[in-house]
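The values are calculated or read from the model by the stated rules, or taken from the named source; none is laboratory data. Please read all numbers here as calculations on a predicted model, not as lab measurements. Virtual Cβ from ideal backbone geometry, glycine too; neighbours counted across all protein chains shown.
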Amino acid sequence: MDAGADFDSKIVVKVNAAELARKELASPRWGGHHIAMGTNVDCYQRAEGRYKLMRGILAALRDAANPFSILTKGTLILRDLDLLTEAAEVTEVGADVSVGFVDPETWRAVEPGTPHPGRRLETCATLNDNGIACGVLMAPILPYLTDSPAQLDRTVKEIAAAGATHISPIVLHLRPGAREWWLSWLSREHPRLVPRYLELYGRGSYAPKAYQQRVVGMVKELARRHGAGRATPAVARRLPPARPATPPLSRPSPSSSACSSGKKGWRRPSGGWQDGGHPDVEDQEFGMRCLGVSQRPVGSRVSRGFLNRAHPEHRHPRARGCGQDQPD
């Protein structure tokens with residue numbers, strides 16, 4: 001499948017993922033390592049609203065007391081808040097939501113079908129309020145579109161207000177596939193920026209280190225100024241080291257320093273998000289437009305197991321925008 005139309009319209013569903021996860025977690029060969037979900041493909045994309053695979057996977061992780069974390073660009077994770085809090089009673093559970101910018105015009109243009117950035121930050125606040133430590137993957141930061149000091153300041157300020165435990169800034173990646181799609185979109189919407197992008201990304205998939213360091217430095221300073229957590233891109237791409245077997249960990253209280261930055265009470269504005277009439281849709285409507293922020297595959301044995309030995313593929317359409325899934 002390509003990174004454009006196919007990415008929006010086709011998906012392979014591993015319908016027995018929960019069954020295989022439980023089987024491999026019970027295997028004597030499994031060492032109880034931390035499992036990071038959503039670092040390559042969002043596990044709460046809109047098809048999950050129909051198939052509900054994550055509930056079985058989370059139940060298996062809870063029953064095995066296996067530590068895990070989840071990265072998502074959607075808000076459907078709150079559907080499983082009961083399982084997350086139950087798992088947090090017996091093991092370490094963490095989460096990150098992806099919010100690269102908060103400007104509504106940019107959101108409409110480059111992330112059609114995704115929840116409003118404010119709703120994602122509200123999800124972060126809700127998770128922290130319920131004892132699930134949640135930070136923000138500030139990605140993608142788009143060169144020349146969302147990287148100005150004023151734009152970065154606004155985004156970090158809202159992330160801090162949501163009580164994020166940390167901020168992990170990552171500049172846009174343009175790997176093959178995503179690169180062609182992005183440059184095609186840029187040539188239509190911002191043709192004057194094409195030469196600048198070709199110069200910035202001319203040697204590969206990543207912006208030059210000097211540019212990345214400058215942006216990360218600005219975010220780090222803004223995070224300090226606004227009272228947010230640590231700002232480092234390495235957090236989003238690194239699994240915690242494997243730990244020896246230990247007794248189940250107690251669940252941190254919502255008021256503990258690990259779960260809150262002291263910014264309680266952050267809620268949606270009384271008038272709703274000013275997003276030009278975007279409906280407050282159910283989260284199975286979450287579309288996928290990650291624009292090159294694909295993280296390195298986790299490579300854990302559980303993920304390889306239920307990806308490689310799953311039930312024969314089921315294809316499910318991902319309609320553009322926010323229309324509801326239709327029965328097959």
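Please enumerate the residues belonging to the range 201-230 that are outside any helix (DSSP H, G or I), among the hydrophobic types (A, V, I, L, M, F, W, C) and under 20 Å from the mean Cα position of the chain (by Cα). First the steps, then the outcome.
Start the filter on the range 201-230 by keeping residues that are outside any helix (DSSP H, G or I), which leaves 201-208, 227-230.
Those still in the list that are among the hydrophobic types (A, V, I, L, M, F, W, C) too: 207, 228.
Of everything in the range 201-230, just one residue is outside any helix (DSSP H, G or I), among the hydrophobic types (A, V, I, L, M, F, W, C) and under 20 Å from the mean Cα position of the chain (by Cα), namely Ala228.
Cβ-Cβ contacts under 8 Å between residues 6 or more apart (or on different chains), taken from a first residue in the range 218-229 that is on the phi > 0 side of the Ramachandran plot to a second residue that is crowded, with 19+ Cβ neighbours inside 10 Å and in a helix (DSSP H, G or I), are listed as Gly227/Ala160. For the range 137-172, a residue qualifies if it is part of a loop (DSSP other than H, G, I, E, B) and closer than 19 Å to Thr114 by Cα, and the qualifying residues are Leu142, Leu145, Thr146, Ala162, Leu172. Residues that are within 17 Å of Val110 (Cβ to Cβ), among the polar types (S, T, N, Q) and under 19 Å from the mean Cα position of the chain (by Cα) within the range 126-182 comprise Thr146, Thr155, listed in sequence order. Looking only at the range 95-118, residues that are over 27 Å from His190 (Cα atoms) and out of contact with any Cys (no Cβ under 7 Å at 6 or more places or on another chain) come to 0 in all. Would you say Thr123 is modelled with pLDDT under 95 and crowded, with 23+ Cβ neighbours inside 10 Å? So Thr123 fails the test. Out of the residues in the range 190-239 that are modelled with pLDDT under 95, exposed (fewer than 12 other Cβ atoms within 10 Å of the Cβ) and not basic (Lys, Arg), which is farthest from Met138 (Cα to Cα)? Ranking the qualifying residues of the range 190-239, first place goes to Gly202.
Let's see how each residue does on (1) within 12 Å of the chain's Cα centre (by Cα); (2) modelled with pLDDT of 95 or more:
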{"position": "Arg46", "(1), (2)": "no, no"}
{"position": "Gly56", "(1), (2)": "no, yes"}
{"position": "Ala65", "(1), (2)": "no, yes"}
{"position": "Leu71", "(1), (2)": "yes, yes"}
{"position": "Leu84", "(1), (2)": "no, yes"}
{"position": "Glu89", "(1), (2)": "no, yes"}
{"position": "Pro112", "(1), (2)": "no, no"}
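Out of Asp96, Asp82, Asp63, Asp6, one residue alone is in a helix (DSSP H, G or I) and closer than 28 Å to Ala178 by Cα. It is Asp6.
Considering the conditions (1) surrounded by fewer than 23 Cβ atoms within 10 Å (Cβ to Cβ); (2) touching a residue at least 60 places away in the same chain (Cβ under 8 Å), Val99 is excluded by exactly one of them, (1).
Evaluate the following for Cys134: is it within 18 Å of Ala162 (Cβ to Cβ), of a type outside the set (Val, Ile, Thr) and not in a helix (DSSP H, G or I)? Spell out the reasoning first.
Working: within 18 Å of Ala162 (Cβ to Cβ): yes; of a type outside the set (Val, Ile, Thr): yes; not in a helix (DSSP H, G or I): yes.
Yes; evaluated as a whole, the condition is true for this residue.
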